[in-house]
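A short worksheet on the structure shown next.
The values are calculated or read from the model by the stated rules, or taken from the named source; none is laboratory data. Just so it is clear, the structure is predicted and the values come from calculations on it, not from any experiment. Cβ placement follows ideal geometry from the backbone for every residue including glycine, while neighbour counts extend to all protein chains displayed.
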Amino acid sequence: MSVISLVVQAGLVAKAVLLILLGFSLMSWTLIFMKFGMFRRGQRESAQFLQAFRAAKNLTTVFDESKRFTRSPIASLFQEGYRELSQLVKGGQGPVAQWPTANEPRVAAGDAPLYKEPIDLINRTLRHASMREIARQERNLIFLATTGNVTPFVGLFGTVWGIMDAFASIGQAGSANLGAVAPGVAEALITTAAGLGAAIPAVIAYNYFVNRVRRQATEMELFSLEFLTLAERILARSR
């Protein structure tokens, strides 16, 4: 007996369960492909942006270049930090475009309190942008977790209902041999298999994407530290 014939011969409740599981599976696979494409494009554009950022000599040029990387969370992070830094430097009437030299001093010991607040402002801006990007990347991942947790029980419900129906039919027929029991049990167990088929890919994808989000959060934290060092040197010079 094929799987298709088992589905066709299944009862009304089992078919309803299978339709629900099919809906969960289709939605989870759609989300998996969308998220995978988003992370892949974001990673590629972030690598390209970092290459341009570290090769450039002018922050304004980097800012203009960053607008091309619309899917890069690090480029978005830089744009927020650059806008905040520009406001602070313009307030002090100093240039923000020129890249500081490698041997340029960061902040004189006596001037550290003067720049503590501006650096804190930039740091808060970067943290806010980073949290927003992480929230965007985590969006809809809860559906994969829900699919992984719920669909096995939905399939089990269909199995229990099918077995109950099979035993009720056996009682009415007055026959308990294996030939009479097997078809009903097989029809019932198909919902359990369908539930596991929907849950397993969703759990694997959820764990994979959560790991990617954590890795991206680490990369944004490292870039924030790099940008803060650069901003501190620019603020010290613009004084």
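Brief remarks on what is shown
- For the residues G184, G197, the requirement of being surrounded by fewer than 22 Cβ atoms within 10 Å (Cβ to Cβ), touching a Ser or Thr at 6+ places or on another chain (Cβ under 9 Å) and modelled with pLDDT of 90 or more singles out G197.
- Tally of residues being in a helix (DSSP H, G or I) and free of Cβ contacts under 8 Å to residues at least 40 places away in the same chain across the range 55-73: 8
- When the range 14-49 is limited to residues that are of a type in the set (G, A, S) and crowded, with 16+ Cβ neighbours inside 10 Å, the one that is farthest from the chain's Cα centre (by Cα) turns out to be A14.
- The residue that is modelled with the highest pLDDT, counting only those in the range 165-181 that are exposed (fewer than 13 other Cβ atoms within 10 Å of the Cβ) and out of contact with any helix residue (DSSP H, G or I) (no Cβ under 7 Å at 6 or more places or on another chain), is A168.
- For the range 40-47, the criterion of a residue being more than 30 Å from T151 (Cα to Cα), hydroxyl-bearing (S, T, Y) and assigned to a helix (DSSP H, G or I) is satisfied by at least one position.
- Any hit, the range 141-153, residues being modelled with pLDDT of 80 or more, over 23 Å from the mean Cα position of the chain (by Cα) and more than 30 Å from I234 (Cβ to Cβ): yes
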